[in-house]
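The values are calculated or read from the model by the stated rules, or taken from the named source; none is laboratory data. Every value quoted in this text rests on a predicted model; they were computed, and no experiment measured them. We place every Cβ from the backbone using ideal geometry, glycine too, and count neighbours over all the protein chains shown.
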Amino acid sequence: MNKIVRVPTLETERLTLKMWAKKDAAALFEYAKDPDVGPNAGWKPHANIGESRMIIDQLFRRNMTWAIVEKETGTIVGSIGFEEDKYRPDINSREMGYSLAKSRWGKGYMTEAAKRLIRYGFEELRLDVLMIRTSDTNRRSQRVIEKCGFTYEGTLRRAYRTYDRYMREVRCYSMLKEEYEKLYLE
């Protein structure tokens with residue numbers, strides 16, 4: 001079985017990105033049960049706290065996934081993380097993914113969290129490439145990706161099967177190390 005991956009706590013102006021704990025299952029369930037959250041990313045709404053606990057234990061804690069905590073309230077409002085970039089196996093590259101509670105949509109939280117993770121990826125992990133994928137219909141995610149400065153690479157047709165067996169297109173974006181340096185360090 002995979003080991004637990006320790007992730008450092010990261011800060012932004014309004015958010016703390018922290019390691020998920022098993023005790024966070026109720027907080028994850030609170031936003032992940034919403035039918036407007038998961039299906040945008042192709043995963044089903046969580047059915048119960050036990051399912052959320054299993055996601056934390058089997059997925060989040062065994063990968064580089066952070067809980068997004070709103071500083072003002074101390075509430076977990078989303079998740080963000082890195083996983084293996086399946087398209088670039090021999091390159092120091094990761095894929096970024098995220099989800100956010102519907103009640104926090106439109107506040108700029110995901111862009112803020114994503115920019116912090118981009119910085120961590122290029123400066124601490126020394127990535128050469130960071131990629132991100134989203135569906136053709138997920139306009140909110142596309143907007144975050146654009147605000148962060150990723151470059152659109154193209155669309156893979158019928159590239160992803162959702163939890164309900166629907167095949168969807170996937171829009172692919174990437175950021176190269178040199179692009180990061182130009183956008184974020186100059």
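Points to keep in mind about this one:
- Checked against the criterion of being touching a residue at least 12 places away in the same chain (Cβ under 8 Å), in contact with a Pro (Cβ under 8 Å, 6 or more places away or on another chain) and part of a loop (DSSP other than H, G, I, E, B), the candidates Pro39, Pro45, Pro35 yield just one match: Pro45.
- Filter pass, Glu51 being surrounded by fewer than 12 Cβ atoms within 10 Å (Cβ to Cβ) and either assigned to a strand (DSSP E or B) or on the phi < 0 side of the Ramachandran plot (or both): no
- Search result, residues across the stretch 87-105 that are closer than 18 Å to Phe60 by Cα and assigned to a loop (DSSP other than H, G, I, E, B): Ala101
- Hey, Ser174 crowded, with 19+ Cβ neighbours inside 10 Å and at pLDDT below 95 or not: no
- Boolean, Ile132 is part of a helix (DSSP H, G or I), surrounded by 19 or more Cβ atoms within 10 Å (Cβ to Cβ) and of a type outside the set (Ser, Thr, Tyr): no
- Every residue from the stretch 134-164 that is among the acidic types (Asp, Glu) and touching a residue at least 24 places away in the same chain (Cβ under 8 Å): Asp136, Asp164
- Qualifying residue in the stretch 42-50 (condition: in contact with a strand residue (DSSP E or B) (Cβ under 7 Å, 6 or more places away or on another chain) and modelled with pLDDT under 95): yes
- The stretch 103-132: number of residues that are over 13 Å from Glu13 (Cα atoms) and either at pLDDT below 95 or β-branched (Val, Ile, Thr) (or both): 3
- Of everything in the stretch 102-117 that is more than 15 Å from Thr16 (Cα to Cα) and out of contact with any Asp or Glu (no Cβ under 7 Å at 6 or more places or on another chain), the residue that is surrounded by the most Cβ atoms within 10 Å (Cβ to Cβ) is Trp105.
- When the test is whether a residue is in a helix (DSSP H, G or I) and small (Gly, Ala, Ser), Ala27 passes it.
- Reported count of residues in the stretch 1-28, each being of a type in the set (A, V, I, L, M, F, W, C) and closer than 18 Å to Ser52 by Cβ, is 8.
- Residue count for the stretch 139-178 under the criterion of being among the β-branched types (Val, Ile, Thr) and within 17 Å of Met110 (Cα to Cα): the result is 2.
- One residue alone among Thr111, Thr137 is of a type in the set (Ser, Thr, Tyr) and more than 16 Å from the chain's Cα centre (by Cα), and that residue is Thr137.
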